[in-house]
1. Given the criterion free of Cβ contacts under 8 Å to residues at least 40 places away in the same chain, exposed (fewer than 14 other Cβ atoms within 10 Å of the Cβ) and closer than 28 Å to F307 by Cα, identify the matching residue among G186, G227, G201.
2. Condition first: surrounded by fewer than 16 Cβ atoms within 10 Å (Cβ to Cβ), over 28 Å from the mean Cα position of the chain (by Cα) and in contact (Cβ under 8 Å) with a residue 40 or more places away in the chain. Now tell me which residues in segment 514-538 satisfy that.
3. Looking at (1) in a helix (DSSP H, G or I); (2) farther than 14 Å from G402 by Cβ, which one does L349 not meet, given that it meets all the others?
4. I'd like to know if segment 62-71 contains one or more residues that are charged (D, E, K, R), touching a strand residue (DSSP E or B) at 6+ places or on another chain (Cβ under 8 Å) and surrounded by fewer than 16 Cβ atoms within 10 Å (Cβ to Cβ).
5. For A246, which of the numbered conditions (1) surrounded by 15 or more Cβ atoms within 10 Å (Cβ to Cβ); (2) modelled with pLDDT under 95 fails to hold?
6. Do we find a residue being part of a loop (DSSP other than H, G, I, E, B) and under 29 Å from T478 (Cβ atoms) anywhere in segment 536-544?
7. Could you say which residue among A265, A273 is touching a residue at least 40 places away in the same chain (Cβ under 8 Å) and either on the phi < 0 side of the Ramachandran plot or open to solvent by less than 50 Å² (accessible area, probe 1.4 Å) (or both)?
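The values are calculated or read from the model by the stated rules, or taken from the named source; none is laboratory data. As the structure is a computational prediction, the values presented were derived from the model and not from experiment. Methodologically, a virtual Cβ is constructed for each residue, glycine included, from the backbone with ideal geometry; neighbour enumeration extends over all protein chains shown. Just the protein is used for accessible areas: all its heavy atoms, side chains included, with ligands, DNA and RNA removed. Shrake-Rupley method; radii C 1.70, N 1.55, O 1.52, S 1.80 Å.
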Amino acid sequence: RLSAAADLLPAIPEQPEDNNHVPGELPLSWVNLCELSCNKVSRCLGDEFAKFDDSTTSRSPAFDLQMVTRVLSVTGLEQEKGSTKWYGVDTNPSKGTMVAQFDCPADAWFFKGASNDAMMPYSILMEIGLQTSGILTSWVKAPLTMPGKNILFRNLDATAKLLRHVDLRGQTITNTSVCTGYSMLGDMGIHRFKCTLAVDGSPFYEVDTSFGWFVPEVFEKQVGLDGGKKCDVWHKKPENSAAVAAAPVVTFALPADGDTIYNAATTCGSLPAQHALRRRSRQVQFLDGVTFAVGGGMHGQGYAHGFKNVDKKDWFFSCHFWCDPVMPGSLGIEAMHESLELYCVHSGLTRGVTRPQFNHDLGACSCKYRGQLTPKNDRMDVEVHVKSVKRDGSAVVVVADGFLYADQLRVYSATDLRIRIEPGSSDFRGLPLQTEGRAAQSLPKPLQVSSYQNGGLHLAGGFRSPLPPSKFMKWGATKAEGAYQPSVEGLCWHPMAGVNGNPIPGFTPTAYPPRPICFLPFPNNPNDNNHVPGELPLSWVNLCEFMCNKVSLCLGDEFAKFDDSTTSRSPAFDLQMVTRVLSVTGLEQEKGSTKWYG
């Protein structure tokens, strides 16, 4: 996957903990963690783990889902070197505390794909909370207690509690994970942890969780939550036919009917035109269709069902895990959240909330996993049963229970999924704050963005164009060096220049270096196709000529005397804030006359 290289680089540069890459020696750097995610385990954990290097043993999540940047420390170990005291190893897997960090870019793919820029999908919060446990279990040598070298690591259950809301964009998140127990049950190892996430020393999320180490044969015939019995989802079970009839079922295909859900809610007045409720990327959409029953479900408060035809090439199978593809349990929970979000829109729960947006509600949610979904499966179904809807001031809080089925085998359950529909607000971070004329004492912490270190050439999540050619990037260029003379290349770094038959606007360098292009026309606007100088509408090509080349190529031959002048142009690059000129009316003209000032 390429997005890891673009989105999830260490967001805070020049950290001293990122310079040590010696396997098995703390701190563990991004190099060690990359080895653990998709190459040789021993190059992260040391030679004792070499037997897993060429195995299909579960690694740490990789690429888009690699959410540990560095491991700082491990304390509280109980060891007797050379001993086999604890299940055949010299380290007690029940003890140890690991401190790790995740540098969370402000423009990470999951922020850009969520329904609003500050919304971290719940699955990502879960992954950040749980992944350090997956490294700690190896550090305390739990895999070495298992028979063989091809073993599987799976989450069994978790109870997570969101303590407070934190804007995590551009933050370094510290994970402190503590081993709270380890036991062997035959060929299965059960490992328990307590994890706390914090920013700037203040906790905001806690998880009590257990994982299992398994031999692959355990999953050849998984039994799920119902002892191996397959069953239909709620609205298809015969015993629920009366409840289904009382709450008629409505079905939508996705993404084809996505607009229908939102447009219907707007038409009936339950959803204002301005909202931030819709997921913006297919990478955070996990459903091919949804079914709703308002007033249905096992609690009689509302029901949502979603399904997905398993795509054996889906992005997350490469990430979780390398050599052991399985859909993360967190993404199954995310599919439940997606179903619940769409149900909230369809059922009118957004009514009365100004500029509504989704957020996570504070409190606890519990999950149980007794099976898995892999590329071998054909279909995933999720169902969500609303249990309460409450007003909280100007917001609405929805709590629900959910289940996930893999080919009709119920394998996940979730209790107290929590969604908050709250009024949206503008994001003023980074601007000076002022109250009644008195300047604020401090400004908000600046956003950290990933892998674009060219002097703040864009805001987080903003458009990124190529850099201008290096020959132009010189301060104080003289005419002898090409300044103030039209370049042969033109405005060649404009992303639309020369594409699909477009002309390449001209460019005349000056003593100041140019900038990348910040703003592009939205696609398919018919007013962007005419580029004739002095003829309306004026397009992006004409306006580029006006900002940094020949005035006459925008306004017409009458203005040719200004082409090689230092006359003020239209603002350029970061400040070019006219995309097109549609019309000019109300003129008073007499062709050939000099009536008005010549």
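1. Going through G186, G227, G201 in turn, just one is free of Cβ contacts under 8 Å to residues at least 40 places away in the same chain, exposed (fewer than 14 other Cβ atoms within 10 Å of the Cβ) and closer than 28 Å to F307 by Cα: G227.
2. N525, L536
3. The number of the failed condition is (1).
4. Within segment 62-71, none of the residues are charged (D, E, K, R), touching a strand residue (DSSP E or B) at 6+ places or on another chain (Cβ under 8 Å) and surrounded by fewer than 16 Cβ atoms within 10 Å (Cβ to Cβ).
5. Of the numbered conditions (1) surrounded by 15 or more Cβ atoms within 10 Å (Cβ to Cβ); (2) modelled with pLDDT under 95, the odd one out for A246 is (1).
6. No, segment 536-544 contains no residue that is part of a loop (DSSP other than H, G, I, E, B) and under 29 Å from T478 (Cβ atoms).
7. Only one candidate qualifies: A265.
Residues checked against (1) more than 16 Å from S413 (Cβ to Cβ); (2) open to solvent by 10 Å² or more (accessible area, probe 1.4 Å); (3) under 23 Å from the mean Cα position of the chain (by Cα):
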{"residue": "G329", "(1), (2), (3)": "no, yes, yes"}
{"residue": "G332", "(1), (2), (3)": "no, no, yes"}
{"residue": "A335", "(1), (2), (3)": "no, no, yes"}
{"residue": "E341", "(1), (2), (3)": "yes, yes, yes"}
{"residue": "S347", "(1), (2), (3)": "yes, yes, no"}
{"residue": "Q357", "(1), (2), (3)": "yes, yes, yes"}
{"residue": "L373", "(1), (2), (3)": "no, no, yes"}
{"residue": "K376", "(1), (2), (3)": "yes, yes, no"}
